[in-house]
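Read through the structure below, which is laid out as C-alpha cells, and then see the notes.
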Amino acid sequence: MLSKLEQTRQKYAGQHRAIDAFLDARQTLLVEYIKLAGLSGQRNKSRPLPCCTAISQFCDLLVDYVSAGHFEIYDHVMHAYENAKGDQLVLAQSIYPKLRACTDFALRFNDKYAEAQEDDLLSLDEDLNRLGPVLEERFRQEDQLVNALQLLDQLTTTTQ
C-alpha cells in the first residue's frame, strides 16, 4: 500500500493543495496501520497486542481520514461532477457507493475499538486483517476519483 501511495504522490504531487494534504493524511494513516497490525499475523510475547492508547489514536486518524474524504475532497469532486456529463458522471456514480461501504466499515471498526479495553481486543488482529484490504480498496477508488477530477479540470481548461 505504501508503494502505491508513493506512485500516486508522484503522479499528483503539487497539482492541488487539498490532494497533497489528503495524500499526507493517507500516509500517516498507513504508517500507523502498519505499526498497529505489525508485519506478522501472529501475536506472541515478543509481539504483544498494542496498547489501548495506540489503538484509540489510530481510530482517531481513521475517522479523521474518512471524514476529510467526505467533507473536503469528495465535495470538491462531486461539484466538478455536477458539471460533468457522460462517462465522468457514470464514474462518480459507480465509485461513490464503494467509498461509502469502505467508510461504513471504518466507522464500525472505530466504534468497536476507539474506547476498547484490553478485554475487548480478542478479535483485533482479525479485524485489522479485514481493515487492510478495505483501506486498499478505498485508496484505489479515491485515486480513480482524483484521476477523473484531473481529467475534468483539463477538459474544463481546454474548453474555456
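Do any residues in the stretch 90-117 that are closer than 17 Å to Phe139 by Cβ and open to solvent by 30 Å² or more (accessible area, probe 1.4 Å) have Cβ atoms under 6 Å from those of residues that are assigned to a helix (DSSP H, G or I) and modelled with pLDDT of 95 or more, where the two are at least six apart or on different chains, and which pairs are they?
Final answer for the pair search is Phe105/Val134.
What do you reckon, is Glu137 modelled with pLDDT of 90 or more, of a type in the set (D, E, K, R), part of a helix (DSSP H, G or I) and out of contact with any Leu (no Cβ under 8 Å at 6 or more places or on another chain)?
yes
Within the stretch 29-40, take every residue that is within 19 Å of Glu137 (Cβ to Cβ) and touching an Asp or Glu at 6+ places or on another chain (Cβ under 9 Å) and give me the one that is surrounded by the most Cβ atoms within 10 Å (Cβ to Cβ).
Ranking the candidates gives Leu29 first.
The values are calculated or read from the model by the stated rules, or taken from the named source; none is laboratory data. All values reported here derive from a predicted model rather than from experimental measurement. Note: ideal-geometry Cβ built from the backbone for every residue, glycine included; neighbour counts use all protein chains shown. Just the protein is used for accessible areas: all its heavy atoms, side chains included, with ligands, DNA and RNA removed. Shrake-Rupley method; radii C 1.70, N 1.55, O 1.52, S 1.80 Å.
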